[in-house]
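Throughout, read-outs are computed from the coordinates displayed, never taken from laboratory work. Bear in mind the structure is a predicted one, so any value in this text is a computation, not a measurement. Glycine also receives a Cβ, built like all others from the backbone with ideal geometry; neighbour counts cover every protein chain displayed.
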Amino acid sequence: MAEMSPGTDRFPHRTLIFIAVAAALLRLLWITYNGSVIENEGAEYARIADNLRAGRGYVGMLGGRQTLFPPLYPFLIAAVSALGLTSEWAGRLISFAAGIALLWPIFGVARMLSDTRAGILAAILVAVHGLTIALAGAAYSESLYLFATYCALYFSLRLLEQPTCTLGAAAGASFGLAYLTRPEAIIGPLVLAACVLAGALARREPTAPAVRATLVTAPAVRALLVAVLVSVSIAAPYVAWLSINSGYLRWEGKSLTNAIIAQRMIEGESYLQASRGLTAAAEPRGVYMFPDQFSFRSTAAQSTGALVAGMVSGLLARGVGVARDLLRQWTLGAYPLFLLAAIGWISSAARLRRPTAILFITLMLAASLGALLTMQHRWERHLYPFALLCLPLAAIGLSTSARVLREVGRRLQLTAGALGIAEYGAIATVLSLLALKTVAAIIPDGEFAQARAAPLKEVGLWLREQRANATVMDLSMVPAYYAAATVEYLPWAEAGVALKYIHSHPADYIVLRSQSQWQAPYMSTWLAGGIPDPCASPVKTFLEHGDGRIVVYSWTCG
């Protein structure tokens with residue numbers, strides 16, 4: 001791992017292949033013990049893919065058009081499942097392949113920012129980090145998103161150093177595909193544009209003729225135009241579909257839902273009330289209570305000023321909360337990862353060898369952090385992209401710290417053998433610490449423990465045997481996915497209002513689960529004493545670990 005110049009060193013093909021094989025084995029081991037049940041969000045992706053293949057359109061588990069999940073991942077699931085796999089395992093295969101392929105672009109990013117040793121350490125860090133292992137074994141879109149994003153980062157860094165239209169096309173295609181996986185990637189081309197223009201103008205005198213000449217003739221600007229055109233071309237069909245169905249220009253499908261929830265939380269509602277609440281007349285009000293997600297498109301514009309004011313007023317508190325969670329959550333790497341990333345950023349910035357490159361990475365991290373600060377409600381999973389964008393800088397920080405340790409040992413006149421042991425022993429210790437701590441934190445984490453919730457799958461398979469094309473009222477999508485059924489969410493409401501809603505939106509089955517008691521005010525009472533309605537008949541009980549239960553009711557009215 002000796003330091004070499006990024007422009008002259010040999011590409012370590014064999015080393016990366018060895019790391020990839022080790023990474024694949026770790027992920028296969030994870031899937032063996034944590035891949036028996038599809039995740040809740042994975043069920044939505046898989047159902048969209050099933051409906052696409054069946055010609056029913058971009059329709060999710062609720063039975064209506066889906067806007068929250070961009071199309072690349074479900075379209076890939078549909079394509080791979082055409083080879084004979086179930087949509088569940090097609091999703092896992094895509095995540096697995098993207099998780100292994102991620103090693104190459106993240107190596108390239110760290111190598112461009114520092115040197116080959118940092119690149120190799122970045123690849124090792126990806127291979128052993130518990131979060132990347134788990135994401136590569138789950139039917140979540142993050143693994144695919146990270147691969148597309150790091151490809152975009154790598155090609156963008158190369159474009160900033162040696163601009164060509166080919167690199168512009170590669171960067172634009174990568175950003176476009178990342179956008180079709182998670183819409184926040186749309187900021188990438190804008191950040192690249194800012195860095196390209198800053199770099200191009202920095203090479204000229206700041207006179208008006210020079211500025212015009214730069215904007216017309218600079219190779220970097222031509223490459224940027226190609227990148228923007230390619231990314232726009234890839235994004236355009238999805239933007240057109242969203243806009244046509246919404247009745248106004250709409251570049252993504254998630255912010256409207258998030259804005260409505262945020263506005264209602266500012267007004268005093270809880271997240272669960274804002275997302276699954278009812279009116280006093282037991283009509284749907286929460287945004288997740290509408291099967292067709294285009295049906296509430298005009299609701300958010302009513303209090304835009306209040307929404308912006310609420311976001312600004314709570315910015316400091318949210319910033320403190322985000323910082324606290326990043327530094328404490330071992331699923332992300334906690335304070336060691338971000339301390340190393342800070343060292344890596346300082347090290348890269350201090351060299352001033354590639355100022356536009358470090359500016360680009362800094363702005364991308366700032367954009368990701370800024371998106372976190374706008375959220376009124378934040379799940380831990382929202383922190384994943386920012387934390388994983390820090391991995392190359394953390395690898396650079398680890399390499400720099402080990403080099404400093406070696407220099408200290410040299411000044412203490414240690415032997416060459418002792419210097420090597422100190423330097424590489426420190427690297428191995430930190431990598432082992434991060435690997436063990438992140439894996440230990442990921443195993444019980446709720447996002448990934450879902451894949452071990454076998455009773456949910458049992459419920460779904462049993463329901464499938466009872467009735468085809470059923471409607472299941474539940475708080476999880478997993479049973480309905482395995483039952484090949486449509487799901488309708490149980491509302492957040494008082495028991496009487498909830499029963500009135502169920503009567504007006506009859507389902508074939510109602511599923512109550514002990515572990516979901518916090519998600520509905522009546523859940524614990526109904527689990528203990530039954531649903532207080534003659535239309536509800538208990539038909540099957542499934543046991544979970546501990547004293548947990550899943551009780552299935554048949555709804556005989558409606």
key: Eligible lysines near LYS457 by straight Cα distance, threshold 16 Å, same-chain separation 8 or greater   = LYS540
ask   = How do ARG14, ARG410, ARG53 line up, fewest other C-beta atoms within 10 Å first?
value = ARG14, ARG410, ARG53
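Where both residues lie in segment 453-555, what percent of DSSP beta bridges are antiparallel, nearest 5?
Bridges in segment 453-555 are about 65 percent antiparallel.
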query = How about the chain: what cysteines have no other cysteine beta carbon under 4.7 Å from their own?
reply = CYS151, CYS165, CYS195, CYS390
message = Name the residue from LEU272, GLY119, ALA134 whose Cα lies farthest towards the positive end of the charge dipole of the chain, charges +1 on Cβ of Lys and Arg and -1 on Cβ of Asp and Glu.
response = GLY119
ask   = Which order do ASP445, ASP508, ASP547 fall in if you start with the one that has the fewest other Cβ atoms within 10 Å?
value = ASP547, ASP445, ASP508
request  = Could I have the simple spin-label model distance between THR362 and VAL404, label points 7 Å from Cα toward Cβ, reported in nm to one decimal?
outcome  = 1.9
note = Per the charge dipole of segment 453-555 (beta-carbon charges, Lys/Arg positive, Asp/Glu negative, Cα centre), the residue among LEU527, HIS503, PRO538 reaching farthest to the positive end is PRO538
Theoretical FRET efficiency, 1/(1+(r/R0)^6), r = Cβ-Cβ of ALA426 and LEU225, R0 45 Å, to 0.05 = 0.50
note = One finds, for CYS557 and SER295 with R0 = 41 angstrom and r their Cβ-Cβ distance, a FRET efficiency to the nearest 0.05 of 0.95
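Taking the Cα centre of segment 453-555 as origin and charging only Cβ (+1 Lys, Arg; -1 Asp, Glu), how large is the dipole, in debye to the nearest 20?
The calculated dipole for segment 453-555 is roughly 100 debye.
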remark   = With only helices counted (DSSP H, runs n ≥ 4, each -39500 (n - 2.57)), the per-residue ellipticity at 222 nm for the chain, to the nearest 500, works out to -20000 deg cm²/dmol
message = Give me, ordered by chain and number, the residues 5 or more places off GLN329 or on other chains with an amide H under 5 Å from its own placed amide H.
response = ALA334
key: Cα-projected label distance for GLU267 with LEU412, points at 7 Å along beta-carbon direction, nm   = 6.4
query = aspartates and glutamates within cross-link reach of LYS254: Cα-Cα under 14 Å, excluding same-chain residues under 8 positions apart?
reply = GLU184, ASP292
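Restrict the search to segment 56-127; then list the trypsin sites (Lys or Arg not before Pro) that DSSP places in a loop and that have at most 12 other Cβ atoms within 10 Å of their Cβ.
Counting only loop positions with at most 12 other Cβ atoms within 10 Å, the trypsin sites (Lys or Arg not before Pro) in segment 56-127 are ARG56.
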inquiry  = Could you tell me the relative contact order of segment 453-555? Use alpha-carbon pairs under 8 Å, at least six residues apart, and round to a whole percent.
reply    = 24
remark   = About its Cα centre, the chain carries a charge dipole, from +1 on Lys and Arg Cβ atoms and -1 on Asp and Glu Cβ atoms, whose size in debye to the nearest 20 is 1460
remark   = Taking a ≥ b ≥ c as the square roots of the Cα gyration tensor eigenvalues, with a/c under 1.5 meaning rounded and otherwise prolate when a/b beats b/c or oblate if not, segment 453-555 comes out oblate
query = Relative to the longest principal Cα axis of the chain, at what angle does helix 416-442 sit, 0 to 90 degrees, rounded to 10?
reply = 10
key: Estimated inter-spin distance, THR86 and THR15, nm [label 7 Å along Cα→Cβ]   = 4.1
inquiry  = Using a Förster radius of 30 Å, what is the FRET efficiency between LEU436 and HIS545 based on their Cβ-Cβ separation? Nearest 0.05, please.
reply    = 0.80
inquiry  = For the chain, give me the percentage of DSSP beta bridges that are antiparallel, rounded to the nearest 5 percent.
reply    = 65
task = Sort 413-419, 193-199, 356-362 for me by packing, meaning the mean count of neighbouring Cβ atoms within 10 Å per residue, highest on top.
result = 356-362, 193-199, 413-419
